[in-house]
Amino acid sequence: MASTDDTREPLDLTTRARRRVLPALHRIKEPLGGFATCVQHPDEYVGTVDRSLSSFRSDLEAMSFAPEPVASLKVHRDGRLSAGSWVRRRSPLSRRQLHVALFRNGVEGIEVFAHREYSWLRHPYRHYTAEGWDTDGGVRRMRSLLSDHGVTFSVER
């Protein structure tokens, strides 16, 4: 699974580790019916922000998102690996969470994908089996958060 990213801006340590470990873990889990990587579903596309990865990370932190190390590695349909996985919960014990995956798109562009789901902290099995997965609600919520925080985005479909 090769990434078509170039080496503009360094990825955070968590994302680099996930890119290294999860494909190997996937090869072990897949024959047993599990997964550690998956293809990013295009219906989760929120939009493209015209910012650098580090700048957008700051925006996510301002919106109360945190890096999410416990998530499958998302692979774009064109082969790019996610450049970050972020989650927003009301509290650590929240039942549900908003999960965001980022993909670099050019030198200063980030494609944002989102869905709502059960939190793995409170409902690990429901989370892993994608019970209650809500693509439409996640996309709407993330677009609302971006707008509320003055982060402009374009929808390129």
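Could you grab the relative contact order for the chain? Cα pairs under 8 Å, six or more apart, rounded to a whole percent. Please list the in-between numbers first.
Details: 274 pairs, mean separation 39.2, N = 157.
The normalised contact order for the chain reaches 25 percent.
Accessible surface for residue 95 stands near 110 Å², nearest 10, in the context of the full protein assembly shown (1.4 Å probe).
Loop sites only, by DSSP: take the GluC sites (Glu not before Pro) in the chain that have at most 12 other C-beta atoms within 10 Å and name the longest stretch containing none of them. Kindly include the intermediate steps, with their values, before the conclusion.
Values: sites that count: 131, 156.
In short, 1-130.
Accessible area per residue (1.4 Å probe, heavy atoms of protein chains only) ranks 78, 136, 59 as 136, 78, 59, with the largest value leading. Quick check: from the Cα gyration tensor, does the chain come out rounded (a/c under 1.5), prolate or oblate? Oblate, since a/c reaches 1.5 and b/c is not below a/b. In the context of the full protein assembly, residue 55 retains an accessible surface of approximately 40 Å², using a probe radius of 1.4 Å and ignoring ligands and nucleic acids.
Estimated at the nearest 10 Å², the accessible area of residue 128 is 90 Å² with a 1.4 Å probe. Each other residue within a Cβ distance under 11 Å of residue 123 adds +1 if Lys or Arg and -1 if Asp or Glu, for a net charge of +2.
Grab the DSSP H runs of the chain that are 4 residues or longer, score each as -39,500 (n - 2.57), total them, divide by all residues and round the 222 nm result to the nearest 500 deg cm²/dmol.
Numbers: 4 runs with 46 residues, N = 157.
The helix-only estimate for the chain comes to -9000 deg cm²/dmol at 222 nm.
In the neighborhood of residue 39, defined by Cβ-to-Cβ distances under 10 Å, what is the net charge if each Lys or Arg adds +1 and each Asp or Glu adds -1? Its environment carries a net charge of +2. Per residue, the Cα convex hull of the stretch 100-157 amounts to 111 Å³.
The values are calculated or read from the model by the stated rules, or taken from the named source; none is laboratory data. As the structure is a prediction and not an experimental result, all values here were calculated from the model. Ideal geometry is used to build each Cβ from the backbone, glycine not excepted, and the neighbour counts take in all protein chains shown. Accessible surface is based on the protein model in full, side chains and every heavy atom, while ligands, DNA and RNA are left aside. Shrake-Rupley method; radii C 1.70, N 1.55, O 1.52, S 1.80 Å.
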